[in-house]
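Reading through the structure tokens given below for one structure.
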Amino acid sequence: MGNKLGLIIKREYLAKVRNRSFIVMTILSPLLIVGMIVLIAYLTKINSDEVRVVSVLNESSFFQHEFKPAKGISYLYLDGISLQEAKDSTNALGYYGLLHLPNKKNVEQVAKSAYLFTKDNPNTAIIQQLESIFQRQLRQDRLQRLGVSSDQFSKVEQPFDLQLATFDGEKSVKGINEIKAFIGGGFGYAIMMFIIIYGGFVMRSVIEEKTSRIIEVIISSVKPFQLMLGKIIGTSLAGITQFTIWFISASVLMLLAVTFLGIDLGELSGNSTPMPGMTQYAAMDSDMIMYAKEILDIPWALLIISFFIYFILGYLIYSSIYAAIGAAVDNETDTQQFIFPIILPLMLAIYVGFFSVFSNPHGPIAVGFSLFPLTSPIVMLMRLPGGIGEGGVPLWQFLSSIALLILTFLGIVSLASRIYKVGILMYGKKPTYKELVKWLRYK
């Protein structure tokens with residue numbers, strides 16, 4: 001059995017890596033990915049460098065020096081003209097908009113009567129900047145009417161950041177749980193994409209051999225279970241080979257782009273939209289060092305080893321289902337009714353996993369999804385950057401999720417092989433869920 005299985009694995013592996021489309025995509029994909037990242041960074045830089053000019057027609061005695069140039073916006077003050085003339089001039093000069101402050105007796109009335117005129121719907125970031133100026137001035141005016149001086153107001157406005165520390169006395173930082181979840185989610189997302197892409201390869205390979213009747217010759221010398229397992233393992237090895245080449249070549253290309261083209265990947269994050277927890281407090285040098293320390297303290301060895309464990313087990317489970325579907329149908333069109341139930345747990349793992357792990361990594365939803373075999377390869381990886389043991393994932397949950405994956409794989413392979421054995425030699429009939437259940441009862 002071992003010799004035949006090895007031959008099938010070798011055949012499937014070589015058939016994939018020698019395929020022209022496999023070779024072309026292995027070469028082009030890193031170029032396309034890095035090129036897209038570089039293009040996005042370049043376009044983002046151009047967009048962030050654009051300065052929008054807003055004309056200000058201030059007919060009141062308030063807000064005289066409040067509108068100052070900021071990132072992406074500058075102000076041009078108009079004086080001695082009517083509102084209509086200001087609109088016409090702003091529009092003719094191609095400025096972004098006109099901010100009109102009418103002459104009223106107090107700050108409250110001026111703010112409530114102010115208008116921003118633009119050609120199209122205004123940018124949200126511009127609105128937020130203007131509203132923050134109005135809000136600050138209104139707050140200051142209200143406090144002054146209550147007897148608070150300008151100096152006292154400045155003290156009131158000073159930002160506050162709560163100091164954080166562990167029970168051991170080590171200082172901690174904000175947002176690190178979200179960053180760790182993003183890192184774990186990246187590993188989980190890679191598993192999901194691999195399952196969808198290469199599980200589909202297994203399914204299409206089975207369909208092609210079935211429709212060409214080659215399977216009738218192959219099945220005479222090997223058992224259906226051996227053939228199915230050989231296809232799964234051979235295709236997964238080809239996928240690992242391709243992913244390894246992609247990772248190495250993309251890393252080299254990205255390094256060259258950063259070094260020689262001066263691409264700043266920080267532009268991709270968007271300076272106006274910081275990461276969760278990244279406030280002014282996190283921008284301080286000491287805190288940036290702490291963020292770096294926290295990221296370096298992530299148990300990377302555990303995370304990488306766990307990635308391969310969950311990747312292998314998760315892929316074996318799902319590819320067994322893909323192979324069974326491929327054996328049950330005669331063409332790829334007939335697979336559509338069976339594909340969505342397969343992809344649904346993966347989608348739930350990504351979206352529900354992110355929401356639950358972000359808010360409560362040790363809550364019942366996060367724990368449940370990290371133990372359920374069809375979602376655990378993704379959700380558990382989101383929790384593992386916190387480590388195993390005290391403060392992290394309990395050891396029993398980690399071991400239980402792996403044990404459940406192994407048991408699920410054995411069960412699904414056994415059931416999938418029954419569908420495979422019956423369906424691989426059945427032609428001209430579109431299977432239903434009811435018929436698949438019948439096939440599962442065959443020994």
> So which residues in the stretch 109-120 are open to solvent by 60 Å² or more (accessible area, probe 1.4 Å) and either touching a Phe, Trp or Tyr at 6+ places or on another chain (Cβ under 7 Å) or under 30 Å from Leu143 (Cβ atoms) (or both), if there are any at all?
Replying inline: Gln109, Lys112, Tyr115
> Looking only at residues in the stretch 369-390 that are free of Cβ contacts under 8 Å to residues at least 40 places away in the same chain and under 14 Å from Pro299 (Cα atoms), which one is least open to solvent (accessible area, probe 1.4 Å)?
Replying inline: Gly389
> How many residues are more than 37 Å from the chain's Cα centre (by Cα) and either loosely packed, with under 14 Cβ neighbours inside 10 Å or not in a helix (DSSP H, G or I) (or both) if we restrict to the stretch 406-429?
Replying inline: 6
> Can you tell me which of Ala403, Ala366 is open to solvent by less than 20 Å² (accessible area, probe 1.4 Å) and either in a helix (DSSP H, G or I) or of a type outside the set (Gly, Ala, Ser) (or both)?
Replying inline: Ala366
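I need a count of the residues in the stretch 220-235 that are assigned to a helix (DSSP H, G or I) and either over 12 Å from Gly199 (Cα atoms) or open to solvent by less than 20 Å² (accessible area, probe 1.4 Å) (or both).
Counting residues in the stretch 220-235 that are assigned to a helix (DSSP H, G or I) and either over 12 Å from Gly199 (Cα atoms) or open to solvent by less than 20 Å² (accessible area, probe 1.4 Å) (or both) gives 11.
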> What is the one condition in (1) surrounded by 14 or more Cβ atoms within 10 Å (Cβ to Cβ); (2) closer than 20 Å to Ile248 by Cα that Phe63 does not satisfy?
Replying inline: (2)
> Just for the stretch 430-443: of the residues that are open to solvent by 50 Å² or more (accessible area, probe 1.4 Å) and of a type in the set (Phe, Trp, Tyr), which one is modelled with the lowest pLDDT?
Replying inline: Tyr442
> If you check every pair at least six apart or on different chains, which have Cβ atoms under 8 Å apart with a residue in the stretch 249-268 that is over 25 Å from Glu50 (Cα atoms) and at pLDDT 75 or above first and a residue that is among the aliphatic types (A, V, I, L, M) and surrounded by 17 or more Cβ atoms within 10 Å (Cβ to Cβ) second?
Replying inline: Ala250/Val34; Leu253/Val34; Met254/Val34; Met254/Ile37
> Is there a residue being without any contact (Cβ under 8 Å) to a residue 24 or more places away in the chain and open to solvent by less than 20 Å² (accessible area, probe 1.4 Å) anywhere in the stretch 345-355?
Replying inline: no
>> Cβ contacts < 6 Å: first residue small (Gly, Ala, Ser), restricted to the stretch 63-80; second residue part of a strand (DSSP E or B), any location; separation 6+ or different chain. Result?
In response: Ser74/Val53
> Considering only the stretch 79-108, how many residues are of a type in the set (S, T, N, Q), over 13 Å from Asn58 (Cβ atoms) and open to solvent by 70 Å² or more (accessible area, probe 1.4 Å)?
Replying inline: 2
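The values are calculated or read from the model by the stated rules, or taken from the named source; none is laboratory data. Quantities reported herein were computed from a predicted structural model and do not represent experimental measurements. When we count neighbours, we look across all protein chains shown, and the Cβ atoms used for this are built from the backbone with ideal geometry, even at glycine. Side chains included, ligands, DNA and RNA excluded: accessible areas come from the protein's heavy atoms. Shrake-Rupley method; radii C 1.70, N 1.55, O 1.52, S 1.80 Å.
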